[in-house]
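Coordinate-derived values only; no laboratory data. Bear in mind that the values here come from a model prediction, so they are computed numbers and not experimental data. Here the Cβ positions follow ideal geometry from the backbone for every residue, glycine too, while neighbour counts run over all protein chains shown.
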Amino acid sequence: MFYMKNKGGQFFLIAAVILVVVIVSVITISNYTSTREEVKLYDLGQEMGIESQQVIDSGTYSGLDSEEMALLMENFAKNYVNYIEEDKNIYFVFGNKEEIRVLGYQEIEPEKVCIGLNNEPVDCNIAMEKTQTFSSNKNEIDKVVIKIGEAPNEYDYQFRLKPGENFYFVIWREIKGEKHVVISDEE
């Protein structure tokens, strides 16, 4: 008789345990999903760094001149943007100390993009999805600065050029209201 009276309590106890398991599972899955998006973005940056170096090495090994190398890098950048297929803003800088090319794609909130060479502003009217060429009339180009946004939300990304061909990128994506930025590594 005692066993029969406690069946109602057992039911509520089991229901409470099941409810707790479901709540913990949902929280765990949502935390895992948001972390996964961030990891994917950073993995993408590492992958692009490796792939771009291989493309540069291939062009150098093939003996491409600077125009052919620029076309190779431009095609690589365009193909990579199509490969990513996610909402992102991505900017590429490639070339050498004599001439730099800039190519940008914006899919999220269009930003103002400016280019500076050797600490001097050059152009703040960067057209998206079109490669633009810049050269320094004075000296070799040692540093390229990409300014993205407008004050007070303006960010500078600086890249020091090495001898030979260079390839740099800036990728940003908004994940759950936060801006995540990945830039190419400078070696």
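Quick one: the Cα spread of the chain along its three principal axes, in angstroms, biggest first?
Taking max minus min along each principal axis of the Cα atoms, the chain gives 98, 41, 26 Å.
Counting other beta carbons within 10 Å of each Cβ, put 156, 65 in order, fewest first.
Details: 156 11, 65 8.
Listing 156, 65 from fewest to most nearby Cβ atoms yields 65, 156.
Using the 10 angstrom Cβ neighbour count as an exposure proxy, how do 162, 138 rank, fewest first? Write down the numbers at each step before the final one.
Details: 162 12, 138 8.
Ordered from fewest to most neighbouring Cβ atoms within 10 Å, 162, 138 come out as 138, 162.
Nearest 20 debye, what's the magnitude of the dipole of the chain about its Cα centre given +1 on Lys and Arg Cβ and -1 on Asp and Glu Cβ?
Values: 18 positive and 32 negative charges, 267 e Å.
It comes to approximately 1280 debye.
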